């Protein structure tokens, strides 16, 4: 089911959580209650299996009654387009299998705490007549607080019912299967207890007790092999803890714990000091509970009968018995009929039943035993291609899990369990790990950081980094102002390109030559550029009152908003020298000349150059140079001796626009 699909107008699919033999599970959003949930969909190949549907729905209805805090809650049951689905509590965290792999060795007290929560949930389910049948660490979830949540209660029953002839019915769970499940006997609540004993074994040692290349070989070990000692793997495990494992995994039901509550009581006191010298637990009897005692047969009634040891011996035995029966029939035709005693009838009936059972068993072994095959290599194929290839090899699809991978493309197979080219039985269930693509992560906020440092870090992670520059009065030079990728966006770093806008600092300007500007003009200029203006005043014999004498920084210097501009303003002649000046024949005055602005296609300002000739200046030298962007009135000061005339020339972009060779006061 694709991401974004809205099931029944309410549950929006977010992502796949996994696939199993019975159903596929997705994380979804409940659009009405605004919460995340887990949606389990019955597999398409079971959509027409009425028995599977009835059990799917029936078990789900019974689970609604379970309100144990350690059992995943069922919220809703429904059907859409012939798809049966369950809506369950979504548990954010990991399953117990992942926890064991990440945290082993686990402290014994924590092991007991986890098992007590599991036993509490199983005990309530058993009290309500529900047997899990598929207890394994993959079906036990741990939330972010470390609390247990068991899932798939009852669903395993439906899976077993509808896939009873498939080998993969037990492969995914065969490491935790009870002896009675392995041999097809009636399953009871004690079957769950055996599985709990295996889970406890794995919690203590970090691995399961029995391994093998096929489901059948592992199942046979559960049926026949002695349970390994946990103390052989971890020597300091307390004997009472091992005793709980042995008691829970006893082959005989009469030796096993009768209930989950009984196991919980024993486990709860396993670390108490008064049990530290407890001997190793032993079953009450080594006689297998399943052994059947046949009625005693009179040896005189069986001639030359020997124990059967091989299939060939059984075939010979059947032939010999057939000959005897034929001989007896022929004898009957030639001899008078005799009445058989009741004792003889029972003996021959028993022999016949034994022979029939032997023949059926031989036939079953010959025709039902799967053949060996080599597991094909499906790594790198798409999930669908891998499924087709495995099914073509007469193999079943087991559990499919998804994980991030930087090298394998999304929806392509990373590996299988067992691994490729392993010899397996036809019909074996093959688990697959499928790539969900490279790991995504939030890109992060880099504003305010130094661009060079950020660029170096990100390029090491495969990010393509680009740069734009801009002036800023908020960020210092070389600091990042903006980024093209949002900080919260989840990306694959190795395939991400980002553009950073980097600060060039405050925008700078070329400072004008303010000589002979009036105080008011200087104040306006400083205000327009955001400059701090510092004014000094002094007497000057040549610069008219209220005009700029000098400036700091000098004309042409770069200056930015907030910088300080210092100007010295003339106060005119020193009063102490006025009398002396009056005696002189020099005349000081100013004139104003209006210069019109002339824009062009290639420029937005005009360069103005002013030349004057008076007592202190010569036409051969530029008196003043500046730019204008609109019509401007230029004030020109003159100091003339006697009746001499002054001169001026004004150039705009190199062309003479104003001239006067006879300037007088």
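Each reported figure results from applying straightforward, stated rules to the coordinates on display, with no laboratory input. Treat the numbers as computed from the prediction; the structure is a model and nothing was measured. Counting neighbours? That spans all protein chains shown, and the Cβs are built from the backbone with ideal geometry, glycine included.
Summarising the label geometry, the points placed 7 Å from Cα in the beta-carbon direction at residue 233 and residue 476 lie 5.8 nm from one another.
Tell me, in nm to one decimal, what length is gained between residue 224 and residue 103 on full extension, where the rule is 0.36 nm per residue of separation less the Cα-Cα distance? Walk me through the intermediate numbers first.
Working: separation 121, 0.36 × 121 = 43.56 nm, distance 3.14 nm.
That works out to 40.4 nm of additional length.
Would you mind classifying region 94-275 by shape? Square roots of the alpha carbon gyration tensor eigenvalues, ordered a ≥ b ≥ c; an a/c under 1.5 is rounded, otherwise it is prolate if a/b is larger than b/c and oblate if not. Rounded, because the longest to shortest axis ratio a/c is under 1.5.
Can you run the Rg to Rh ratio on region 43-125? Use alpha carbon positions and the Kirkwood inverse-distance Rh. Walk me through the numbers on the way to the answer.
Working: Rg = 16.6 Å, Rh = 15.3 Å.
Expressed as Rg/Rh, it is 1.08.
Based on alpha-carbon atoms, the Kirkwood radius and the radius of gyration of region 430-583 give Rg/Rh equal to 1.40. For region 376-402, backbone nitrogen atoms closer than 20 Å to the point 7 Å from residue 44 Cα along Cα-to-C-beta are found at 381-402.
In nm, what is the difference between 0.36 nm times the number of residues separating residue 275 and residue 592 and their Cα-Cα distance?
Working: separation 317, 0.36 × 317 = 114.12 nm, distance 11.32 nm.
Additional length available on full extension: 102.8 nm.
Based on the Stokes-Einstein relation at 20 °C and a viscosity of 1.002 mPa s, and on the Kirkwood radius from alpha carbon pairs, region 585-665 is assigned a translational diffusion coefficient of 161 µm²/s. Here the spin labels are modelled as points 7 Å beyond Cα on the Cα-Cβ line, and at residue 27 and residue 51 they lie 3.7 nm apart. The Cα atoms of region 441-503 give a gyration tensor whose axes a ≥ b ≥ c have a/c of 1.5 or more with a/b greater than b/c, which makes the shape prolate.
Using 7 Å Cα-to-Cβ label points, what is the residue 643/residue 359 separation (nm, one decimal)? Output for this residue pair reads 16.0 nm. Rounded to the nearest 5, the antiparallel percentage of DSSP beta bridges internal to region 506-573 is 55%. Cα centroids of region 428-454 and region 247-281: 47 Å apart. Ordered by the number of other Cβ atoms lying within 10 Å of each residue's own Cβ, fewest first, 70, 175 fall into the sequence 70, 175.
The overall shape of region 6-89, judged from the alpha-carbon gyration tensor, is oblate: a/c is not under 1.5, and a/b is no greater than b/c.
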